[in-house]
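Enquirer: So that we are looking at the same thing, I have put the structure below in structure tokens.
The values are calculated or read from the model by the stated rules, or taken from the named source; none is laboratory data. Predicted, not measured: the structure shown is a model, and the values here were computed from it. Note that we place each Cβ from the backbone using ideal geometry, even for glycine, and neighbour counts take in every protein chain shown. Just the protein is used for accessible areas: all its heavy atoms, side chains included, with ligands, DNA and RNA removed. Shrake-Rupley method; radii C 1.70, N 1.55, O 1.52, S 1.80 Å.
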Amino acid sequence: MKDWFTITSESLIAIILTAIGIYIAIVLITRISGKRSFSKMSSFDFAVTVAIGSIMATVIISKSVSLLQGITGLLIMYAIQMIVAYGRRFKGIRHLMDNKPTLLMKDGKIIEGSLEKCHVTESDLKAKLREANVIQLSEIKAVVFESTGDISVLHGSSDKTLDDWIMDF
């Protein structure tokens, strides 16, 4: 237990150099692969972001994983991310990788079963409506539980209609 609270100058220098090295690697690889690397466009994107963070932490703290091994792991994750991003252009792969959005409310009314299906409570929904500055249920055109896990609130005056293109799911 004493080892939990001690650090040698050698291990401290190793952590500092490894953190700097893995940080530089992430910046360079992200610049090469593009902004998509850290987007939350799909649940797969989120999983890759978590995996990259895990690789980064493991390389910095673990003595059993070298900087070169960590950079190799990062390169593989980024390559997979780029391949999947390209593959999502095809309907079959997109269908396999992406969750479909779910309509939670339409025209100010909760759609039966949608909240339970998405594990969203009424208080979660109310909080999102307040966040979107909705003051009357009649303002709500639609509330969508997005494929990323976000909740989008589409609202406006009663004289405006919702374009079908936006709700094409």
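Enquirer: Counting only protein heavy atoms and a 1.4 Å probe, tell me what percentage of the stretch 48-133's accessible area is made up of carbon and sulfur. Each step should come with its number before you reach the end.
Expert: Numbers: 3590 of 5720 Å².
That fraction is 63 percent.
Enquirer: List the lysines whose alpha-carbon lies under 27 Å from that of LYS117, not counting same-chain residues fewer than 8 positions away?
Expert: LYS40, LYS91, LYS100, LYS106, LYS109, LYS126, LYS128, LYS141
Enquirer: With point charges of +1 on the Cβ of Lys and Arg and -1 on the Cβ of Asp and Glu, referenced to the Cα centre of the chain, which listed residue (LEU129, ALA79, ALA142) lies farthest in the positive direction of the dipole?
Expert: ALA79
Enquirer: Would you mind getting the accessible area per residue of the stretch 56-98, heavy atoms of the protein chains only, 1.4 Å probe, in Å²? Can you show the working numbers first?
Expert: Working: 2960 Å² over 43 residues.
I get 69 Å² per residue for the stretch 56-98.
Enquirer: Taking the Cα atoms of the stretch 83-169 alone, what are Rg (to one decimal) and Dmax (as a whole number) in Å?
Expert: Values for the stretch 83-169 (Cα only, Rg and Dmax): 14.6, 44 Å.
Enquirer: State the Cα centre-to-centre distance between the stretch 122-169 and the stretch 72-103 in whole Å.
Expert: Between the Cα centres of the stretch 122-169 and the stretch 72-103 lies a distance of 27 Å.
Enquirer: Collect residues whose amide H, placed 1.01 Å from N in the peptide plane, falls under 5 Å from the amide H of LEU104; neighbours closer than 5 in sequence don't count.
Expert: Answer set, sorted by chain and number: VAL143, VAL144, PHE145.
Enquirer: Could you list which residues have their amide H under 5 Å from that of VAL134, counting only those 5 or more apart in sequence or on another chain, with H placed in the peptide plane?
Expert: Here the answer is none, since no amide H 5 or more places off falls under 5 Å of that of VAL134.
Enquirer: Further question on the same structure: Could you give me the radius of gyration and the Dmax of the stretch 42-117, taking only the C-alpha atoms into account and expressing both in angstrom?
Expert: Values for the stretch 42-117 (Cα only, Rg and Dmax): 18.3, 57 Å.
Enquirer: Right, another one. Per-residue HN-Hα couplings for the stretch 128-145, Karplus 6.51 cos²θ - 1.76 cosθ + 1.60 at θ = phi - 60°, whole Hz, x for Gly and Pro?
Expert: Working through the residues one at a time gives 5, 5, 5, 4, 8, 6, 7, 10, 9, 4, 5, 6, 6, 8, 6, 10, 10, 8 Hz.
Enquirer: Then there's this: Restricting to Cα atoms and excluding each atom paired with itself, what does the Kirkwood estimate give for the chain in Å?
Expert: Roughly 19.4 Å, rounded to one decimal.
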